1. Tell me whether region 304-326 contains one or more residues that are under 29 Å from residue 50 (Cα atoms), exposed (fewer than 14 other Cβ atoms within 10 Å of the Cβ), touching a residue at least 12 places away in the same chain (Cβ under 8 Å) and away from the ligand (no atom under 13 Å from the Cβ).
2. Any idea how many residues of region 1-59 are away from the ligand (no atom under 16 Å from the Cβ), closer than 20 Å to residue 243 by Cβ and buried (at least 22 other Cβ atoms within 10 Å of the Cβ)?
3. Test of understanding: among 146, 163, which residue is on the phi > 0 side of the Ramachandran plot and modelled with pLDDT of 95 or more?
4. Return the residues of region 38-60 that are touching a helix residue (DSSP H, G or I) at 6+ places or on another chain (Cβ under 8 Å) and not in a strand (DSSP E or B); say none if nothing qualifies.
5. Filter region 353-367 for residues that are touching a residue at least 12 places away in the same chain (Cβ under 8 Å) and more than 9 Å from the ligand (Cβ to nearest atom); which is nearest to the chain's Cα centre (by Cα)?
6. What residue, among those in region 330-347 that are under 22 Å from the mean Cα position of the chain (by Cα) and under 24 Å from residue 4 (Cβ atoms), is surrounded by the fewest Cβ atoms within 10 Å (Cβ to Cβ)?
7. When you look at residue 270, is it modelled with pLDDT of 95 or more and either at positive phi or within 13 Å of the ligand (Cβ to nearest atom) (or both), yes or no?
8. On the given criteria, is residue 350 near the ligand (Cβ under 10 Å from one of its atoms), part of a strand (DSSP E or B) and surrounded by 17 or more Cβ atoms within 10 Å (Cβ to Cβ)?
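The values are calculated or read from the model by the stated rules, or taken from the named source; none is laboratory data. Since this is a predicted model, take the numbers as computed values, not measurements. Note that we place each Cβ from the backbone using ideal geometry, even for glycine, and neighbour counts take in every protein chain shown.
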Ligand SMILES: Cc1cc2nc3c(=O)[nH]c(=O)nc-3n(C[C@H](O)[C@H](O)[C@H](O)COP(=O)(O)OP(=O)(O)OC[C@H]3O[C@@H](n4cnc5c(N)ncnc54)[C@H](O)[C@@H]3O)c2cc1C
């Protein structure tokens, strides 16, 4: 077997994690080789022009936001930004409601004027205060806003999204969505809420444009097995169970399919995202990314999202059996680190849902750790 080349790093996956670690270590003088199974870089942040010339997000809409200045400054080396507004509405019986729920949503549902105090009183009346320690997402929402709002905005949306009722999901799943006692119209608040001016793919392309970085696209999913012994260290960003050939079991993922429809009009919907909580629609949301890319083009493309249990891994399924299995894989991963300098990082390798800014943060931290451990 060939002995590892000194100062050479193998990166499995050209997503945000693989590209970030490669760039940081390349600048420190390491030779970095990125292997990517797909025919493109940028991982799930990948964007591309469809046949109508509209910039689309192939693996689901990505709205960048971060409170982390280090991440923002690092990414800003490779892109300029356009300010974003992440506006979401829920369509219920042909009516659009502000979502996440805020004072305006409550005014529309209950047909009365409210201020912060009266909205808080209303929620106090609506909430189920018999639930003191919610055991699942349904109980969590009931304890916070009560049955009527749960049924309107959460119940069927959650079961369409996850393929199981909110009563079978941990409180954190619905708990992530805020309920606001103000009129802020956005889905999220962040210090930096913006979109790369030329798109995510262009950003990551610039990031890995460095003489010490080599990229191989379209590689077989297990090609890394051949390459690994030739490198001093490996950063693996694929699914952790696939690394170990699923030897102790397979982790569950929730997947999605996307239907892209082009419309010969400037804009098709009033905001970036519309949620469809009703079971009358098979899809969960429609997203018109042009609201944030602000592309100047006469037509527009909207994506419709259909959740499913098989396919590309998108969301880890928050069930105890998966957490237990992942913990066992983590033990195996620790062993790999000790024996072969393999680092597992990113949403697939750490079996976690993280936004792209968190992925970049983890990659920056990991690069510092690799530098310390290898020098
Ligand atoms: C539907 C959806 C919506 C999202 N929306 C947002 C959003 O609005 N804002 C936001 O900031 N983030 C969003 N994210 C999260 C964002 O996509 C991730 O945080 C980010 O892509 C994680 O980067 P990563 O490098 O860990 O993984 P990935 O982007 O998944 O990249 C991993 C790469 O590794 C490759 N790979 C895997 N196994 C192998 C192998 N064996 N050999 C070679 N290559 C391999 C894959 O093909 C992939 O390209 C969203 C995610 C999803 C699923």
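1. Going through region 304-326, the residues under 29 Å from residue 50 (Cα atoms) turn out to be 304-316.
Okay, now just the ones that are also exposed (fewer than 14 other Cβ atoms within 10 Å of the Cβ), so 308-312.
From what's left, touching a residue at least 12 places away in the same chain (Cβ under 8 Å): 308-312.
Now narrow it down to the ones that are away from the ligand (no atom under 13 Å from the Cβ): 309-310.
Yes, region 304-326 has at least one match.
2. Within region 1-59, the first condition is being away from the ligand (no atom under 16 Å from the Cβ), and the residues that meet it are 1-8, 26-31, 49-54.
With closer than 20 Å to residue 243 by Cβ added as a condition, the list becomes 1, 4, 8.
In the following step, the residues that additionally are buried (at least 22 other Cβ atoms within 10 Å of the Cβ) were identified as none.
The qualifying residues number 0.
3. Details: 163 fails: modelled with pLDDT of 95 or more.
Exactly one of 146, 163 is on the phi > 0 side of the Ramachandran plot and modelled with pLDDT of 95 or more, namely 146.
4. 40, 41, 42, 43, 45, 46, 54, 59, 60
5. Out of the qualifying residues, it is 361.
6. By that ranking, first place goes to 343.
7. Working: modelled with pLDDT of 95 or more: yes; either at positive phi or within 13 Å of the ligand (Cβ to nearest atom) (or both): no.
In short, no.
8. Details: near the ligand (Cβ under 10 Å from one of its atoms): yes; part of a strand (DSSP E or B): no; surrounded by 17 or more Cβ atoms within 10 Å (Cβ to Cβ): yes.
Here the answer is no, as residue 350 does not meet what is asked.
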